[in-house]
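Here it is, the structure in full.
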Amino acid sequence: MTEPRNVLNMCVLCPGICVTECPVYMATHIRASAPNNLARIALKFMEGSKDMEDALWLCTGCRSCEYACPMGNKVWEAVRVLRGQEYISSTEARVERLTNNSKPGLLVVSPSKPNVNIVKTLGGDYSLYWVDSGVISETYWSGRNPILNLNGIEFILADDMDALTPLSLSEKRLVSPLKILKSLGAKRLLGDNGYTLHIPCKTPREYRDDIIGGISQVLGSPESIVEGCVAGGGGLPVKHPDLAREIAMYTMRNTNPGRPVVTLCSNAKMLLRKLGYQSLTLLDLIEEAAQR
Ligand code: SF4
Ligand code: SF4
């Protein structure tokens with residue numbers, strides 16, 4: 001876990017190399033949202049000032065500033081600790097419950113509702129366990145990997161970037177949604193106009209090209225690629241729904257809205273749907289293909 005004071009103290013001396021990478025700042029031009037200003041506010045907050053506490057919620061946790069920062073400062077993680085988000089501990093409690101089950105199970109990592117078509121598609125007789133993908137990625141980014149401790153879970157199916165990143169590579173039980181989609185011929189679901197691929201902000205950059213290549217092999221090449229933060233995370237959509245919409249529009253500004261958006265982020269999917277985009281994750285595509 002990041003020690004906030006160490007991160008923030010290292011950050012405040014810098015002019016803000018990261019500022020133009022921050023989607024919240026770039027979309028809204030709210031000064032307090034720029035990572036370096038956020039670091040200053042966070043330090044003041046630690047010193048007892050509550051004046052700008054609300055500003056601490058102006059971060060989606062997209063990590064763009066971390067990638068840009070020569071020090072690799074995790075301002076986002078320091079800020080999240082200061083928010084008092086109990087995310088990690090509640091995550092562990094939820095995952096802990098799963099470790100105690102003894103029936104053969106399929107763990108589906110997705111915020112969508114459980115759907116028996118997934119089990120039918122895999123051809124097994126499994127108990128279905130459902131975990132929010134944010135839960136898994138948050139624990140993953142924090143250097144913990146509860147999935148590895150799950151007993152009784154035979155397969156894991158994840159519907160966003162977790163399925164395609166080191167988390168899956170380290171977990172042999174993980175079922176590739178791309179293999180399922182290929183066998184279902186899911187390409188036909190995307191229509192004649194093709195699709196736009198959304199690569200979410202937290203995708204590790206070293207996996208970007210492999211992910212695009214893998215998806216292109218199964219769904220065909222995307223007509224366009226949108227990368228970055230759609231503002232579906234970090235508590236921002238709950239605290240500042242108008243800003244979340246603004247940031248989503250900013251990220252999607254050059255996208256033809258007539259095409260479906262295939263996204264590797266379930267939070268992005270939900271926000272994009274609210275904005276009127278046809279938006280699908282890989283699991284959505286599996287469900288649709290299985291129903292046809
Ligand atoms: S996060 Fe890094 S790049 Fe951004 S202001 Fe702080 S030290 Fe500078
Ligand atoms: S994590 Fe993203 S939203 Fe938060 S300060 Fe950094 S660049 Fe901005």
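Give the order of CYS265, CYS14 when sorted by the count of other beta carbons within 10 angstrom, beginning with the fewest.
CYS14, CYS265
If one computes P(r) from the Cα atoms of the range 1-42, what percent of pairs lie at distances over 12 Å?
Distances greater than 12 Å cover 55 percent of the Cα pairs.
What are the principal axis extents of the Cα atoms in the range 185-270, in Å, biggest first?
Projected onto its principal axes, the Cα set of the range 185-270 covers 40, 30, 21 Å.
Would you mind checking LYS187/LYS239; LYS120/LYS239; LYS74/LYS120; LYS44/LYS274; LYS187/LYS274; LYS74/LYS187 for any pair whose Cα atoms are more than 31 angstrom apart? Write out the running numbers ahead of the final one.
Values: LYS187/LYS239 37 Å; LYS120/LYS239 39 Å; LYS74/LYS120 42 Å; LYS44/LYS274 36 Å; LYS187/LYS274 24 Å; LYS74/LYS187 38 Å.
Result: LYS187/LYS239; LYS120/LYS239; LYS74/LYS120; LYS44/LYS274; LYS74/LYS187 exceed 31 Å.
Which length gain, in nm to one decimal place, applies between ARG245 and ASN117 when the Cα-Cα distance is subtracted from 0.36 nm times their residue separation?
Gain on stretching ARG245 to ASN117: 42.9 nm.
Based on alpha-carbon atoms only, what is the radius of gyration of the range 4-83 relative to the globular estimate 2.2 N^0.38 Å?
0.94
Separate question: Please list the radius of gyration and Dmax for the range 185-227, considering alpha-carbon atoms only, with Å as the unit.
Considering the range 185-227 through its Cα atoms, Rg and Dmax are 10.8, 31 Å.
Okay, moving on. Roughly how many nanometres apart are two label points built 7 Å out from the Cα toward the Cβ at ASP192 and ASN9?
6.4
Next up: Within 14 Å, Cβ to Cβ, of GLY16, how many net charges do the neighbouring residues add up to if Lys/Arg are +1 and Asp/Glu are -1?
Summing Lys/Arg as +1 and Asp/Glu as -1 gives 0.
For the range 181-291, what is the charge dipole size about the Cα centre, in debye to the nearest 20, if Lys and Arg each add +1 at the Cβ and Asp and Glu each add -1 at the Cβ?
Here the size comes out at about 180 debye.
Computed from the coordinates by the stated procedures, all read-outs in this text should not be read as laboratory data. This one's a predicted model, so the numbers in the text were calculated from it and none came from an experiment. Neighbour counts are summed over all protein chains in view; Cβ atoms, including those assigned to glycine, are modelled from backbone coordinates with ideal geometry.
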